[in-house]
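None of the figures in this text is laboratory data; all of them are computed from the coordinates on show. In this text the structure is predicted, and so the values were computed from the model without any measurement. Here Cβ is always computed from backbone atoms with ideal geometry, including for glycine, and neighbour counts include all displayed protein chains.
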């Protein structure tokens with residue numbers, strides 16, 4: 001219950017003190033007298049701001065509400081809740097920050113705005129917004145809840161009832177659940193390869209085991225091979241030594257055998273040659289040889305003569321050819337000289353014909369002499385042509401002399417040449433005669449030699465030389481045969497001796513080879529086995545290395561896979577946790593949602609019940625019944641009321657009925673949410689009401705029971721309300737001028 | 001419906017001390033009545049009924065006494081109904097106001113009592129009419145069922161909504177339109193429970209004993225539970241949306 005309000009320099013109030021009583025209270029005054037300022041003062045004092053007022057007083061602009069001309073203002077309220085007294089003092093300053101103080105039973109509780117607000121909100125169980133929506137129906141805002149669109153009405157009622165906060169929590173939980181779902185989905189996508197990886201791991205492990213056992217097997221094989229190899233390596237030197245000896249003896253044997261074979265062949269050949277050789281009697285052969293040599297000597301003699309004759313014949317031929325060629329040359333030269341002579345004679349004739357003439361000189365001279373005569377004797381002018389002709393004549397004369405001199409030289413040369421050639425021709429003819437004689441002589445010599453040569457050649461049969469040669473060769477061969485037969489015989493003996501030696505040698509070699517107990521086959525097999533062993537060791541070693549590397553790879557892959565699988569397991573665990581969390585959150589959400597639904601049901605049931613109760617007590621008529629909050633199609637709230645069989649919207653109620661409806665709703669909500677500050681304040685409820693509605697309102701206020709509320713405060717300028725309602729307290733507000741008439745301020749009469 | 005039954009069981013449990021107390025009072029008064037007027041009334045398996053045929057034999061003093069006794073029983077029943085309904089209302093509304101609680105009981109009592117008196121008178125007159133004209137009693141039973149069906153929730157309207165009889169009648173029509181199924185369910189549940197119990201006890205005990213057992217069970221369990229259930233069902237009227245059964 002509000003007990004006392006002090007307003008100093010607050011809006012139009014200079015110094016107003018109001019003590020409120022219990023029951024129905026009227027604040028009456030003309031427009032602009034400062035009635036609403038009183039209520040705003042109450043709200044401001046309680047919460048430090050009045051957002052729901054049309055003035056919108058907040059922390060930033062509150063100093064603007066200090067009365068004009070004043071530097072500071074003070075708003076103070078005293079109220080009681082459940083028998084406990086509280087006092088709030090708020091001081092506003094134009095030039096410095098405001099100060100507030102909360103007192104409980106005269107003890108200072110706090111001077112901090114925020115703390116005071118927290119205390120008040122806790123004590124009254126309401127905040128300024130709730131107060132503005134439920135307790136205080138601001139001017140022109142009485143029917144605010146009735147006129148609200150369904151969604152907004154739902155939001156406001158939910159907010160008033162605290163259900164909206166639950167919805168906020170539900171929305172937040174839903175968002176978290178969705179995020180968890182997304183995460184689970186994402187992780188599940190990541191985990192798609194889990195089974196494949198597990199199978200891969202099993203495969204790798206099995207492969208690894210197989211590889212290890214194979215390595216073990218190979219190691220044992222390797223050791224066995226190594227032992228064999230070491231044993232063979234120890235034998236190797238002896239074997240190789242033996243084998244080298246063997247090779248030596250074998251080569252020796254082969255060489256010996258080859259030698260023996262060759263000797264055998266040679267012996268055979270020699271034997272054959274010896275057996276094939278047909279020997280003549282050496283004495284006969286000697287005679288033949290001597291006879292042949294004589295014949296050869298004779299043959300050589302003839303041959304030498306023929307050769308000399310041949311040479312002579314050749315010399316003669318050459319000489320004849322040379323003389324013949326000289327004669328031919330001389331003939332050609334003679335012919336040429338004759339031609340030259342003819343040419344010279346023709347040239348001479350030409351020269352004779354082309355002897356230079358002096359006629360032009362004579363003409364020029366005559367002309368010059370004529371012109372001179374004319375010039376001297378007739379006309380002086382003719383001297384000039386006389387000079388010209390004179391010069392011309394001189395020139396022509398000089399030219400004539402030159403030409404004549406050249407012609408004379410040429411003629412002399414031609415004559416000389418002609419004489420020289422004629423002499424040459426004569427000489428050549430003489431030479432030719434000599435040569436012709438010589439040629440004749442040579443011809444005769446040639447014929448004589450040819451005759452001699454023919455004579456000799458007739459004495460030597462054809463191919464006689466070859467026959468002699470053949471016979472000499474035959475004799476030589478027969479002689480050579482005898483000689484070589486002797487050599488062959490000797491050689492055969494030598495060879496047989498040598499063969500015997502080699503055969504003995506070969507026997508000795510065979511014995512040695514037998515004693516060595518080794519041969520190529522054995523050695524090759526041994527070497528082959530040795531090499532195979534080496535290769536097997538190498539192969540086994542490389543296989544072991546390969547498998548070791550492979551096993552390392554396996555190990556690495558297994559480690560990587562195990563890590564991956566471990567990660568995946570962790571992820572799976574996380575997913576499980578997330579799923580559990582999601583389930584829990586969904587459960588919580590459902591529980592909260594159920595709680596919200598249940599709360600909403602309970603609250604709305606209560607409000608509907610309360611509205612009905614208040615409506616029944618306030619509404620005098622019989623037309624409307626059962627005001628209630630219903631759900632509309634859009635899931636918003638709709639304010640309904642029943643008329644006869646029908647349920648209609650509260651919009652269609654008259655102003656007075658709306659006021660009652662709004663009052664019922666406010667009281668129902670108030671009854672539901674708090675029993676602490678049981679105050680209802682209505683600012684200008686008669687605004688826009690017709691007369692009958694105002695009468696209804698008057699009736700209803702008169703009928704209003706004070707069971708549910710402590711103070712029912714109406715602010716109005718309407719005199720009918722003032723005069724027709726049984727008020728427990730009337731506060732009259734008006735404007736008064738100061739004594740000097742300069743300042744206009746609100747004053748209150750209680 | 002399940003919610004209402006659960007809620008009714010919860011309230012029943014919480015208010016059981018009170019139910020026992022009221023039940024005993026009713027039982028005692030009913031016992032006195034039965035013993036005093038055993039020739040004029042009979043106990044059926046579902047309740048106590050007047051023997052109309054014997055009414056003419058009753059003298060004035062007896063009549064006044066009987067009437068007074070009936071008024072007391074009805075008053076006790078009315079009080080029980082109001083108390084349980086208010087308890088349900090406060091339980092469902094989740095608010096307890098001692099002053100309002102008492103005021104609600106005292107203000108509702110005359111209206112509800114009036115209804116039960118009227119209902120008794122209607123029943124009585126119709127029974128006499130049927131007896132005199134020797135009409136088919138089955139028809140009378142159907143009429144009784146229809147009347148009780150129509151007026152079933154009127155006492156709850158009076159108590160919960162704190163209205164007078166006239167307003168309650170007006171509200172009833174709207175209520176029935178919205179929740180017509182509930183009275184049927186309510187009646188059906190009462191009938192089924194009774195029949196099951198009669199059948200069970202009928203197998204074990206003779207009919208006279210079954211009648212007495214059923215009377216006791218009805219006074220202490222079935223009727224209080226149905227009263228609470230009725231109040232709960234009626235309370236759905238204030239729900240934000242109509243609850244599905």
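Results, tabulated for the structure shown:
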item: Burial order of peptide ranges A:723-735, A:433-445 (average beta-carbon count within 10 Å, highest first); result: A:723-735, A:433-445
item: Shielding score for B:227-238, defined as the mean number of other chain Cβ atoms within 10 Å; result: 2
item: Antiparallel DSSP beta bridges within the protein assembly as shown, percent to nearest 5; result: 75
item: Simple label model, 7 Å out from Cα along Cβ direction - residue A:566 to residue B:181, nm; result: 6.1
item: Descending principal axes extents, the range A:66-174, alpha-carbon based, whole Å; result: 47, 32, 30
item: The range B:104-245 - Rg over Rh from alpha carbon coordinates, Kirkwood radius; result: 1.01
item: Within 10 Å of each Cβ in A:600-612, the average number of Cβ atoms from other chains; result: 5
item: Modelled FRET efficiency - R0 45 Å, residue A:470 with residue A:261, Cβ distances, 0.05 increments; result: 0.70
item: In nm, spacing of pseudo-spin labels at residue B:150 and residue A:17 (7 Å Cα→C-beta vector); result: 6.7
item: Cα-based helix-to-principal-axis angle, A:163-190 vs chain A, degrees rounded to 10; result: 20
item: Residue A:706-residue A:80 FRET efficiency (beta carbon distance; Förster radius 22 Å; 0.05 resolution); result: 0.85
item: Kirkwood Rh, angstrom, the protein assembly as shown [1 / mean 1/r, Cα pairs]; result: 48.0
item: Residue A:152-residue B:14 FRET efficiency (beta carbon distance; Förster radius 45 Å; 0.05 resolution); result: 0.70
item: Nearest 10 degrees, 0 to 90: helix A:150-161 Cα axis against chain A principal axis; result: 70
item: Global size of the range A:596-732 as Cα Rg and Dmax, reported in angstrom; result: 15.4, 47
item: Base-10 log of normalised Debye intensity for the range A:561-642 (one unit scatterer per alpha-carbon) at q = 0.14, 0.22 Å⁻¹; result: -0.68, -1.01
item: Angstrom value of the Kirkwood radius, inverse mean 1/r, which spans all Cα pairs in the range A:266-384; result: 25.8
item: Three-way shape call for the range A:207-320 based on the alpha-carbon gyration tensor, with the a/c threshold at 1.5; result: prolate
item: Relative packing of peptides A:111-118, B:131-138 - highest average C-beta neighbours within 10 Å first; result: A:111-118, B:131-138
item: For chain A: relative contact order, % (alpha-carbon pairs under 8 angstrom, 6 or more apart); result: 26
item: Which of B:228, B:28, A:565 has the fewest Cβ neighbours within 10 Å, and the rest in rising order; result: B:28, A:565, B:228
item: C-alpha long axis of helix A:383-459 to longest principal axis of chain A, angle in °; result: 70
item: Two-site label geometry, residue A:432 and residue B:61: point separation in nm, points 7 Å out along Cα→Cβ; result: 22.9
item: Highest average packing first - A:363-371, A:712-720, Cβ atoms within 10 Å; result: A:712-720, A:363-371
